[in-house]
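Here is the structure we will look at.
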Amino acid sequence: MQKYAINIAFFVGCLLIVLAAQFGMVDLYVQSVIMFMGINIILSSSLNIVNGYMGEFSCGHAAFMCVGAYVSSVVTVVLFAQNKIFGAPILPPDMAVLFMPLAILIGGLVSAVVGILVAVPSFKTRGDYLAIITIAVNYMVISGIENLEIIGGSRGFMGMKQVVYAMSDVVNIPWMMIWTILGTVFTIWIIRRFVSSTYGKGISAICQDEIAAEIMSVNTNKMKLVAFMLSSGLAGIAGGLFAHVIGYVNPQSFNILKSTECLVMVYLGGMGSLSGSVLSAVLFTLLLEALRPLQIVKWVIIPLILVLLMQFRPEGILGNKELGDVFPRLKRYCRFK
Amino acid sequence: MSLINIDEMTQRFGGLQAVSKFDMELQGGELVGLIGPNGAGKTTIFNLVSGFYQPSEGSITFAGKDTRGLKPHQVTAMGVARTFQNIRLWHDMSVLDNIRIAQHYRLGYSVFDSFLRTKRYRKGEERIDSIAWEMLEAMDLKEFAHELPSNLPYGLQRRVEIARAMSTKPKLLLLDEPAAGLNSADVEGLITLVRWIHDNFDITIWMIEHQMKVVMSLCQYIKCIDFGATIAEGTPEQIQNDPTVIKAYLGDDNI
Amino acid sequence: MEALFQNIINALQWGSFYALIALGYTLVYGVLLLINFAHGDIFMVGAYIAFGVSVFVLGTQGLGLPNWAILACGVPLTMILTAGVGVTLERIAYRPLRRKGAHRLYVVITALMCGLILENGNLALLGASRKKFPELMEKAVWTFGNVSVTNLKVIVIVAAFATFAFLNFIVTRTRIGMAMRAVSYDKFAIPLMGIPVDSVIVFTFVLGSGFAGLAGMLFAMSYPILEPYMGALIGWKAFIAAVVGGIGDIRGAFVGGFLLGFIEILVVAFFPSTFRDLIAFSILLLILWIKPTGLFGVARHQKI
């Protein structure tokens, strides 16, 4: 029992959050902060696969989030909501409850496929050249969507609120909160299992010495493909959740600034540390909200804090260690495989 | 059928002929040496054999199969393993992990198995785990299994690298200057280790080495190259007395 | 035909800005292997400094000099002050990290953060209102058939070419240029050879930021509306141009900048302008796909 203390505490905590949201004990603002926290955790830990574990420098993570957000939104809106262009819902809106996670997964799958756009060039080139390719892909995705009038172009795409309301009409519980928590747990679980398997450790081998990895029988091209697709697919899931939490997406919400936020969270937490990514995503979200009253000055103070942090602790909060390595006692209370 | 047959292999880098018309045939089970002055093209030959470069001309046949066009990891999976001149271990991973990852080609499970921790995943991990521990045991590295390679002395790092290469279960082991940077005690240990590996595993060893003591005491057959071309070959005694070899290493008498 | 000439001239002007900024990226990258993501914002700061200098110091609200004098003093003053900004960044943000031997990517993130600080600090200090840059030069338009060329366009293009020639001279023909190239080869051996690495790096930042200042001033004269985010997009694009040219090589940055300028202007000439980024970036990606090291880049030989 003691072994699972933290797991149980986490589960109870999530349950309490959902219950509190259900009975209106926390207001909508706090709820949305918690949901953004979850989305940020997905973003930072998924980018950590590529930038931390594999040691590449991908700066266009928001592009995949964008693809996921648009694909899952279009799927749910076409199927379950009244829309000017797509017309009446194809399926009865009640079914949204069942279909929601599937729609978000479809968004993730499509953005995993888009991830190939970045993965294939990474076979031949790495480092700064790859960085530029990811930036270019970020611009291309945004620009491509801005030119797709059918999904709203640069004005953005909406209608996801209707789908969320349709779910609440069936059973009135905070659906998006539940999906976000499940999505976050799913992401961490998958990444944890991937990077702790010998298969997944192949990407760490690529990070530390690519030539040795290739000669020691690691299929580096395939591993890169898997890592990029996993990372972008999870980012797509984050995007899908984001779109349905906000109820509205605009291509410019996924610009380079958003990618920069993802980068900041990864490097703040420490490259190659999953718990570091989670921790930094939580801290970063809280910091953003705490400094909200400062308006634009916020975006001076946050970078300043980071620059100072880099000066004093250049390896990020946890370096490349996990929380369990820093506090070995924690391991006694937690089984996480 | 011979284990490896290299036929008139030539490699050019721009105008430079790094290796020219190199021939080599090993039947399996030998312990052979490749010597030559610095820059003679020895490592290039290893890079060609391990698939890191593609030969400009000529062919390499390993166990009856042409290896041209194969990626290095495919060549390794066929049974060619190598070590590097300057040690290239993965320094931020434990010795055990180094040895486990080198068995990547026969994990026997896919990425989805790693997510779902299926039976196939558990079987695969168990298998490579047991092989890894066997190898550590055999190489006398068991007590360092959880150390980072960077914390080990140089001689041990060499041994870890050889163990990592051996854990791919190679038929042909290429050792690129295994004695480089070792002190004399470590060199003695290395000679014993290589001989032990050769006697106890069904393996062919081909080594590049500068230290004559190592080459002469281990190798049954030696090939000497200079400027990419073979200048002498034969038993250690023949090589030691060959005037062209002496000339390549020490220069002409009449300087 | 005339439309083509007109487009070529516009592309040359537009490419000049990219080239000037890309040169700064490539100089710093060539020496430090650091993507100085703050460079686009240094360009923006350069434009604001040019504005401050020509309005509040030399111009109507300062010394009240005539326009030609503002131009003559303003250009060097802007370049010096902008160079100061670049060197300050290097001294307080990058150098301590380098001394600690931090991972290269952390320096890059620091650069990214410095860019954000410059952008938003400017926004916080000066407010969101756009600044109107004064007209310092009487506009002269020369027309050849239907092709019109303004004197400003000519100045911008000439300035870009002159800068390229100057930097190329410095890097290939002078002692300090030789030191810069040496530092990029081997940062550890160079101090042992008696070359003061830090001075070389500071000099690199002076050059790169100084010419970003020049680009800022010229940009402000050509498009006289200033806003804090003007540097971000153009900076990213110039960086992409530098990489396509082959980052670390002066010629590459120059050619890459003009290439991007041409692609953008031609895309706008034939497609709706909203397709500009999409098509331009697709073409650049295609170039990188075919030649992963860029047009002038040389693949570093990997030794095992």
TODO: Please report the relative contact order for chain A, taking Cα pairs under 8 Å with a sequence separation of at least 6, and give it as a percent rounded to a whole number.
DONE: 32 percent
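By count of other Cβ within 10 Å, fewest leading, how are C:Cys73, A:Cys262 ordered?
Going from sparsest to densest Cβ surroundings: C:Cys73, A:Cys262.
Relative contact order of the stretch B:83-197: what whole-number percent is it, with Cα pairs under 8 angstrom and at least 6 residues apart?
Relative contact order for the stretch B:83-197 comes out at 39 percent.
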- [ ] Take peptide A:141-151, look around each residue's Cβ out to 10 angstrom, count Cβ atoms belonging to other protein chains, and average those counts.
- [x] 3
TODO: Pop the C-beta distance of A:Ala5 and B:Glu30 into the FRET formula with R0 = 51 Å and round what comes out to the nearest 0.05.
DONE: 0.30
TODO: Summarise the partner chain shielding of C:277-287 as one whole number: the mean count of Cβ atoms from other chains within 10 Å of each residue's Cβ.
DONE: 5
TODO: Fewest Cβ neighbours within 10 Å first, please rank C:Tyr18, C:Tyr185 accordingly.
DONE: C:Tyr185, C:Tyr18
Open item on the list: Rounded, prolate or oblate for the stretch C:1-132? Axes are the square roots of the Cα gyration tensor eigenvalues, ordered a ≥ b ≥ c, and the cut-off for rounded is a/c under 1.5.
Closed with: oblate
- [ ] Distance between Cα centroids, the stretch B:37-69 to the stretch B:180-215: provide it in whole Å.
- [x] 22 Å
- [ ] Please find the FRET efficiency linking B:Leu250 to B:Ala63, where r is the Cβ-Cβ separation and R0 is fixed at 35 Å, and quote it to the nearest 0.05.
- [x] 0.35
Open item on the list: Please report the antiparallel percentage of DSSP beta bridges with both residues in the protein assembly as shown, rounded to the nearest 5.
Closed with: 65 percent
Task: Under-21-angstrom lysine pairs by C-alpha in chain C, whenever the two are 8 or more apart or on separate chains - done: 8
Task: Exposure proxy ranking, count of Cβ atoms within 10 Å, fewest first, for A:Leu102, C:Leu116, C:Leu152 - done: A:Leu102, C:Leu152, C:Leu116
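Treating only the Cβ of Lys, Arg, Asp and Glu as charged (+1, +1, -1, -1), what charge dipole size does the protein assembly as shown show about its Cα centre? Round to the nearest 20 debye.
On the way: 68 positive and 59 negative charges, 337 e Å.
Charge dipole of the protein assembly as shown: 1620 debye, to the nearest 20.
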Task: Inter-chain shielding of A:126-139 (mean C-beta neighbours from other protein chains, 10 Å cut-off) - done: 6
Open item on the list: Can you tell me the mean projection area, over all orientations, of the convex hull of chain B's alpha carbons? Units nm², please.
Closed with: 15.5 nm²
Task: C:Thr88 versus C:Thr172: modelled label distance in nm, points set 7 Å from Cα along the beta carbon direction - done: 3.6 nm
TODO: Determine the shape class of the protein assembly as shown: with a ≥ b ≥ c the square roots of the Cα gyration tensor eigenvalues, call it rounded for a/c under 1.5, and otherwise prolate if a/b is greater than b/c, oblate otherwise.
DONE: oblate
TODO: Using label points projected 7 Å from each Cα along Cα→Cβ, tell me how many nm separate B:His146 and C:Ile290, to one decimal.
DONE: 5.6 nm
Open item on the list: For the pair B:Asp92/B:Phe201, report the inter-label distance in nm, with labels modelled 7 Å from Cα in the Cβ direction.
Closed with: 2.8 nm
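Based on the alpha-carbon gyration tensor of the stretch A:69-167 and its eigenvalue square roots a ≥ b ≥ c, which shape applies: rounded if a/c is under 1.5, prolate if not and a/b is larger than b/c, or oblate?
Prolate.
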Task: Segments C:34-47, B:234-247 sorted - mean Cβ within 10 Å per residue, highest first - done: C:34-47, B:234-247
Task: Extension gain (nm, one decimal) between B:Val187 and B:Phe227, 0.36 nm per residue minus Cα-Cα - done: 11.6 nm
Open item on the list: For B:Lys169, give me every one of the aspartates and glutamates with a C-alpha distance below 13 angstrom, ignoring sequence neighbours fewer than eight places off in its own chain.
Closed with: B:Glu134, B:Asp202
Task: Antiparallel bridge percentage (DSSP; both residues within chain B; nearest 5) - done: 55 percent
Task: Label zone at C:Thr60, where the point sits 7 Å out along the Cα-to-Cβ direction: the stretch C:93-133 residues whose backbone N lies under 13 Å - done: C:132-133
TODO: Could you tell me the distance between the Cα centroids of the stretch A:167-201 and the stretch A:232-283, to the nearest Å?
DONE: 14 Å
Open item on the list: Less than 14 Å apart at the alpha-carbon level, and either on another chain or at least 8 residues along: which aspartates and glutamates does that give for A:Lys298?
Closed with: A:Glu261, A:Glu289, C:Glu119
Open item on the list: Could you tell me the calculated FRET efficiency between C:Leu4 and A:Lys124, based on Cβ-Cβ distance and R0 = 41 angstrom, to the nearest 0.05?
Closed with: 0.70
TODO: Kindly give the semi-axes, whole Å and largest first, of the ellipsoid equivalent to the stretch A:2-333, taking each as the square root of 5 times a Cα gyration tensor eigenvalue.
DONE: 31, 25, 20
Open item on the list: Pairs of alpha-carbon atoms within less than 8 angstrom and 6+ residues apart define the contacts here; what relative contact order does chain C have, in percent?
Closed with: 37 percent
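Over 31 Å between Cα atoms: which of A:Lys124/B:Lys123; A:Lys84/A:Lys222; A:Lys124/B:Lys213; A:Lys124/A:Lys201; B:Lys142/B:Lys171; A:Lys201/B:Lys21 fall into that group?
Beyond 31 Å: A:Lys124/B:Lys123; A:Lys84/A:Lys222; A:Lys124/B:Lys213; A:Lys201/B:Lys21.
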- [ ] Compute the signed sum of charges (Lys and Arg +1, Asp and Glu -1) over the other residues within less than 15 Å, Cβ to Cβ, of A:Ser253.
- [x] 0
TODO: Using Cα centres only, tell me the gap between the stretch C:155-225 and the stretch C:1-63 in whole Å.
DONE: 14 Å
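Read-outs throughout are calculated quantities, based only on the coordinates presented, and are distinct from any laboratory measurement. Everything quoted here is computed from the prediction, not taken from an experiment. When we count neighbours, we look across all protein chains shown, and the Cβ atoms used for this are built from the backbone with ideal geometry, even at glycine.
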